[in-house]
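**Student:** Would you mind keeping the following structure in view while I ask a few things?
Just so you know, all these numbers are worked out from the coordinates, no wet-lab data involved. Small disclaimer: the values here were computed from a predicted structure and weren't measured. When we count neighbours, we look across all protein chains shown, and the Cβ atoms used for this are built from the backbone with ideal geometry, even at glycine.
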Amino acid sequence: MKQYFTEKWQALTLFFRNLFKIPGKNGQRRLMRNPLTGKMEWTEGQEIKDVVPTPPDLKIEMTELEKEPFNVAKPWESFSAFEPMRGDRFLINFPEIEPYFFSRYTFNGGLSSRKMSNGKTKVREQSTVEIYLPAHINIEDTVMKMKKSKNAGNVSIEILDPTGIPIRTILLKNIKIEHIDVYSQLDYVNEDLLKGYIVFSHDSREFK
């Protein structure tokens, strides 16, 4: 009895296998679902891949952003050319003070006047920088020495891209220290880092 049912099952299986295969020009034709229409159709002797091709009129050209290789380790580098500049990416190069102490720059405009050797008065521009006060460096003594000098040098402010590369430079020539403000407010309740302010005048700003 078991052998009888086994033979019947094999015969039935062979029948259904051959039912949907008939000879074709390029081999056996198969009854398969057409991915474009969803209907069951006979193939032309080759299997139809279940992939819907994109019509020519729907093909979209890749933009420059899509063509740019994507860096998984540093994703910000892949879109650096398309990202707008940000106000928290800058580096202040100040005479005799390391750049990483500075936290803010503010342009005050043409507020300071300076008497020239020919007797004429020249209105100079003025800026303010905010600086964190380090414990191991006496910032106030360094700035006071600069204040005694008529020309303490130049200050340059570099605008950085997302990778830290300078893309713009603001040059402030011939600076003169006007005012320094440190330890003006101390508070046991406030746990913020101690800051100071340096106000200085300079020639007109140059953008590079």
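**Student:** Over all pairs of distinct alpha carbons, what does the Kirkwood formula give as the hydrodynamic radius of region 89-173, in Å?
**Tutor:** 14.7
**Student:** Let me ask you something else. Report ³J(HN,Hα) in whole Hz for each residue of region 140-145, in order, from the Karplus equation J = 6.51 cos²θ - 1.76 cosθ + 1.60 where θ = phi - 60°; Gly and Pro get x.
**Tutor:** Working through the residues one at a time gives 5, 5, 4, 6, 5, 5 Hz.
**Student:** How large is ³J(HN,Hα), in whole Hz, for each residue of region 163-178 in order, when computed from phi with the Karplus curve 6.51 cos²θ - 1.76 cosθ + 1.60 and θ = phi - 60°, using x for Gly and Pro?
**Tutor:** 9, x, 8, x, 10, 9, 9, 10, 9, 10, 8, 6, 7, 9, 5, 9
**Student:** Then there is this: Could you work out the local net charge near P99, counting Lys and Arg as +1, Asp and Glu as -1, over the other residues with Cβ closer than 15 Å to its Cβ?
**Tutor:** Charge balance near P99 sits at -3.
**Student:** What residues have an amide H closer than 5 Å to that of R104, excluding those fewer than 5 places away on the same chain, when H is modeled at 1.01 Å from N in the peptide plane?
**Tutor:** Those qualifying (amide H under 5 Å, at least 5 residues apart or on another chain) are E130.
**Student:** What residues qualify as long-range amide H neighbours of E125, i.e. H under 5 Å apart, gap of 5 or more or another chain, H built at 1.01 Å from N?
**Tutor:** H202, S204
**Student:** May I pose another question? If you plug each phi of region 121-128 into the Karplus form 6.51 cos²θ - 1.76 cosθ + 1.60 with θ = phi - 60°, what whole-Hz ³J(HN,Hα) values come out, in order, with x for Gly and Pro?
**Tutor:** Here the 3J(HN,Hα) series is 9, 10, 7, 9, 7, 9, 9, 10 Hz.
**Student:** So how do R124, R205 line up by other beta-carbon neighbours within 10 Å, fewest first?
**Tutor:** R205, R124
**Student:** Ranking F102, F200, F107 by Cβ neighbours within 10 Å, fewest first, what do you get?
**Tutor:** F107, F102, F200
**Student:** Just rank Y100, Y197, fewest to most, by other beta-carbon atoms within 10 angstrom.
**Tutor:** Y100, Y197
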